[in-house]
Structure formats: structure tokens, C-alpha cells
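To start, the structure under review is shown below, and the notes come after it.
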Amino acid sequence: MKNYISDYKVNLFDIPRLTPEEVKLFKSDFRIVADYFVNSCNKDDYEPDSMIITHVDEFLKLMKVLTGDIRYEELCSSFTEFERQGGISMCKVLDARERKGLEKGD
């Protein structure tokens, strides 16, 4: 049986239970994702960080998968090419998602 089981080391993080100091150790767009889940689980009202999203398309697709909310992926087309090149923060994403929801009546 040992021949069929891989011996890989895997580091797992319980993201919603990280401290704000631990979240700040992440340097990529994942820091915004981690901040979202930490604050969503610990506070009633999420106040996003002003950190700029580097990989907008990939970030929005990941948020869609992690939250199950398809509106994240739908937002990608609503941002201009210039914005997608690195001028978007989580505040802009959430504002656009809310605006799109109001337009649709969601």
C-alpha cells in the first residue's frame, strides 16, 4: 500500500482564524483574500484594505470559487483594461458588486 501513497508535506492554514498580524505576512493578492475571510468571520461589517489587486482577473475568479458568488467573475468585464492592469482595490470590487446587485435587484 505504501507504494500508492505519496509522501508530500502539506502546510494548511485555517484562514478565518488568522490574526491580523499573520494576514499581513502575506505579500501577494492572497493577503486580500485572507483579510476578507478573517474580517468576514470576525466582524459584522467588512472594511476592506486599500491594497491594490495585482492580478484582477485571477483574484475575481478565486473569490467566485471560494465564496460561491458568481458576481465576482461577472465583475471582471465591468472594469476597464487600465483598471485590470492594477488600479483596483477590494473597495472598488465590493462597490461594483453592490452596484451590479442594485441594478439587477439582487
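Counting 0.36 nm for each residue step from Leu25 to Thr54 and taking away their Cα separation leaves a gain of 8.8 nm. Helix 56-67 and the longest principal axis of the Cα set of the chain meet at an angle near 70°.
The share of Cα pairs per 5 Å bin across the range 1-51, counted from zero up to the longest distance, runs 4, 19, 24, 18, 8, 6, 6, 8, 4, 2, 0 percent.
Note on Leu66 and Asn3: with the Förster distance fixed at 30 Å, the Cβ-Cβ geometry gives a FRET efficiency of about 0.30.
Once the 1.4 Å probe is applied to the protein heavy atoms, the chain comes out at 73 Å² accessible per residue.
Using Cα-Cα distances under 8 Å and only pairs 6 or more residues apart, what relative contact order does the chain have, in percent?
Result for the chain is 22 percent.
Computed from the Cβ-Cβ distance with R0 of 35 Å, the FRET efficiency linking Glu47 to Val10 stands at 0.65.
Between Arg99 and Arg17, take the C-beta separation as r, use R0 = 22 Å, and let me know the FRET efficiency to the nearest 0.05. Computed FRET efficiency for Arg99 and Arg17: 0.10. Of (i) 1.03; (ii) 0.93; (iii) 1.07, which is the value of Rg/Rh (Cα atoms, Kirkwood Rh) derived from the coordinates here? Here Rg/Rh (Cα atoms, Kirkwood Rh) agrees with entry (iii).
The values are calculated or read from the model by the stated rules, or taken from the named source; none is laboratory data. For clarity, every value in this text was computed on a predicted model and none was experimentally measured. For neighbour counting, all protein chains shown are included, and Cβ atoms are generated from backbone atoms with ideal geometry for every residue, glycine included. Side chains included, ligands, DNA and RNA excluded: accessible areas come from the protein's heavy atoms. Shrake-Rupley method; radii C 1.70, N 1.55, O 1.52, S 1.80 Å.
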